[in-house]
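A.B. asks: Can you read through this structure? Questions will come right after.
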There are 2 protein chains.
Amino acid sequence: MTGGIQIFHESTVPFEESPMGRGVRLRWVISKASGAPRYAMRVFEVDPGGEIPLHQHWYEQEMYVLEGEGMAGDADSEQPIGPGTVLYVPPNHPHRMRNTGKGVLRFICVIPH
Amino acid sequence: MTGGIQIFHESTVPFEESPMGRGVRLRWVISKASGAPRYAMRVFEVDPGGEIPLHQHWYEQEMYVLEGEGMAGDADSEQPIGPGTVLYVPPNHPHRMRNTGKGVLRFICVIPH
């Protein structure tokens, strides 16, 4: 899709199961298909007890926690995350995330194409 | 700052007044100074009655509404926005935003460096 401004609720975008971990799904709310030239915005949900195990990739991640409680970190350490937590993961840096709460853990994750 | 993963609450980043409009402030939560190679994440707050008038720039915006109620659009039309609304503004496309609610309008806005 290209053209003008696009305004819509995230719930209009179907979830996809994520290959990144157990109990993890995501919506690609802005992507190449939106016409976005440089980077994509995804909304993730992780079920209680779900996790994204330690992994790494060539690209950076810029993340913002919307809802829920969890732990996030790299190979060496973890720290608590919750609504309003910002995470910056540099390119090629190992990282992990898990839901330690009773509700869904929801966060935004922006990555380059 | 460069190096490892960065995890912190958005509230640890001071607000700056935004030159974009009346009653508008922002936190640069991830920026070049974070070591981010490609794009920056900002958290905006718009006071009740505040607005960002119609403007345009060379870069795209990828936005997500966290809290509050408002209207957003381009020169031709506006539509309601609220928590969970996603906005994609293409490069060089005129756009505007205003808070029509009783509380603060909060949103994330990601732009390239």
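A.B. asks: Find how many whole Å separate the alpha carbon centroid of segment B:63-97 from the alpha carbon centroid of segment A:2-51.
C.D. replies: 18
A.B. asks: Under a 1.4 angstrom probe, counting protein chains only, how are B:D47, A:D74 ranked by accessible area, largest first? Each step should come with its number before you reach the end.
C.D. replies: Working: B:D47 50, A:D74 20 Å².
Most to least solvent-accessible, the answer reads B:D47, A:D74.
A.B. asks: Using just the alpha carbons, could you tell me how many Å³ per residue the convex hull of chain B encloses? Mind showing how you got there, number by number?
C.D. replies: On the way: hull volume 11.4 nm³, N = 113.
About 101 Å³ per residue, rounded to a whole number.
A.B. asks: Here is a further query. Under Stokes-Einstein, with the Kirkwood radius over Cα pairs standing in for Rh, what whole-number D in µm²/s applies to segment A:1-40 at 10 °C and 1.306 mPa s?
C.D. replies: Working: Rh = 11.6 Å.
Estimated diffusion coefficient is 137 µm²/s.
A.B. asks: Which chymotrypsin sites (Phe, Trp or Tyr not before Pro) in segment A:1-82 sit in a loop by DSSP (not H, G, I, E or B) and have at most 16 other Cβ atoms within 10 Å of their own Cβ?
C.D. replies: Answer in residue order: A:F15, A:W58, A:Y59.
A.B. asks: At q = 0.12, 0.18 Å⁻¹, work out log10 I(q)/I(0) for the protein assembly as shown with the Debye formula, treating every Cα as an identical point scatterer and leaving solvent out; two decimals please.
C.D. replies: Calculated log10 I(q)/I(0) at the listed q: -0.62, -1.42.
A.B. asks: Another question about this same structure. Given a 10 angstrom Cα cut-off, can you work out which residue in A:P19, A:P83, A:P94 is the most mobile in a GNM of chain A?
C.D. replies: A:P19
A.B. asks: Related question: List the relative contact order of chain B as a percent without decimals, with contacts defined as Cα pairs under 8 Å and 6+ residues apart. The partial results should precede the final answer.
C.D. replies: Values: 283 pairs, mean separation 33.0, N = 113.
The value is 29 percent.
The values are calculated or read from the model by the stated rules, or taken from the named source; none is laboratory data. The shown structure was predicted, so the numbers you read here are calculated from the model rather than taken from an experiment. We place every Cβ from the backbone using ideal geometry, glycine too, and count neighbours over all the protein chains shown. Keep in mind that these areas ignore ligands, DNA and RNA; they rest on the heavy atoms of the full protein, side chains included. Shrake-Rupley method; radii C 1.70, N 1.55, O 1.52, S 1.80 Å.
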